[in-house]
Every structure is written in C-alpha cells, then in structure tokens.
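Asks: Input: one structure, supplied below.
The values are calculated or read from the model by the stated rules, or taken from the named source; none is laboratory data. Remember, predicted model here, so these are calculated numbers, not experimental data. Positions of Cβ are backbone-derived with ideal geometry, glycine not excepted, and every protein chain shown enters the neighbour counts.
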C-alpha cells in the first residue's frame, strides 16, 4: 500500500498500524463524524494528468480533553474503496483539516471542519476498478516515537470509523467532431465523424470507449440552442460517424450522457457553412 498523505508522522503511524498492528498506547477516544459532504455532493471526475482537488466538509465531536495538535495527534476524513478490513485503495488530505468550534459541553467539543483531498491520477488511481462508488471514513491517529533512517521506535493508536457517506469517482471523457465537406452544398450529404474516449488510469492516456451512444446535435447559425439530430453508437477506438443532409449553416456536435463509471462529455461545435 502506498504511503498515506496526511503528514509524515501520521503516515508512519498508519503504516505501522497496517503492517504490524501495534498495541494501542492508550484507550482510543470516542470521535463522532457526522454531516460528511464530499465534493459538494457531486461525482469526482478525474482525467489522466491533472490533480483534482476534492473539498470535504463535516462535523466532528470529540472529548473536551482531547487535543488534536496535528503533530502527534490527528483527525481527518479519508476516502476508501473496498472495506476497512481490506482496503483496495484510499485517498487522504495532504494538509490537515481546518476546524472551528461550534458548541461545547462539559465533556465534548463540536467542530465544523473542512479539508481538501488531492486526487492525482498518476499516483493515486491505478485501474478501471477505481471508477466506482467510494466511501468516506473518519480517522483518528496518535503517534509517539522516533523514526529515522537508522532507528525506529513507535507506539501508535489508530481508529477509523467507516461508511460515513459515499461518492462516485468517474473517468473523464472526451468527444471530438468533424463535419465534412466544408463548405457544404445545400441538399448534399454531410459526413459527421468524431470519437469518444475516456481516461485510462493504467496507461495515463485516453482510450476509445466503444459501444456507447452519443447524440449528434445541431445549432443553426444565429441561434443559441442545440437540437438532437440522431443517436450514434461508438465503434472501434470510440469512433463515431453518420451522415446528414446539409440544409443550413450552423454547428454540429456530439454529446455523451455518461455512465456510472464515466462522466458526461460534449464536443466543441464544428461550424459548417452551407451554400
């Protein structure tokens, strides 16, 4: 498993917890994570190179005597795929959350927290299976010890509260379009080609998405609304091709509605003048 991103000390604590399962140095405090919202409730769409920053907000209630100093004691929300017993993949904040106290009692403190989780497809997404529904988990870790190139001595306490909410991670899609001939002759045939591709996290390139329906749309020059013309199914390497009659000047584009694993996409309109 890759090193977690929540600071050097926390990374060490979690790595040791996962590998060696050390005995907790103290009783795990009771933290309550609630009202967790990931990416403002929208799917996380990731391409092949650009890091996507995912905002996360939540409410955390902790014991009043627990000090989270982000040096030896940490709390945050992470995203994971699989189960806590057997993680398939996980995503974590690189910078510790920002929390503001909203209420207190004699024994508890309730805070409103926010954090950002960076999703770099070149480092953190590995395979098509990562395009699925992920879960959010609240994370607590306390780390005591010394870690260097020549000496290791640690005691750690790690707790994770899973399945707080869910979020989809989707592969970004791209569409192209090219209508020919240009200019066109009124009443003659126009051929409208294009391609539907989507992010491949194993190769960090876009690859053809075959067997998918895209809709050819047309917007007449001087208007602002595209109208559906016909549905086209993508073939080898995601290729799209169909023919229409040239009746007026305007813009052609393909539109893809998306699937559970792949985000929606629209091609930039290709203008054709009809004489």
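Asks: Within region 176-196, track down each residue that is surrounded by 20 or more Cβ atoms within 10 Å (Cβ to Cβ) and within 29 Å of the chain's Cα centre (by Cα).
Replies: Hits for region 176-196 are 177, 194, 195, 196.
Asks: Follow-up. In the list 244, 215, 229, which residue meets the criterion of being without any contact (Cβ under 8 Å) to a residue 60 or more places away in the chain, under 30 Å from residue 40 (Cα atoms) and outside the structural domain of residue 123 (by TED's automatic domain parsing)?
Replies: 215
Asks: Determine, yes or no, whether residue 169 is within 13 Å of the chain's Cα centre (by Cα), closer than 27 Å to residue 74 by Cα and buried (at least 16 other Cβ atoms within 10 Å of the Cβ).
Replies: Against the criterion (within 13 Å of the chain's Cα centre (by Cα), closer than 27 Å to residue 74 by Cα and buried (at least 16 other Cβ atoms within 10 Å of the Cβ)), residue 169 qualifies.
Asks: Mind checking which residues of region 158-170 are in a strand (DSSP E or B) and more than 19 Å from residue 86 (Cβ to Cβ)?
Replies: 167, 168, 170
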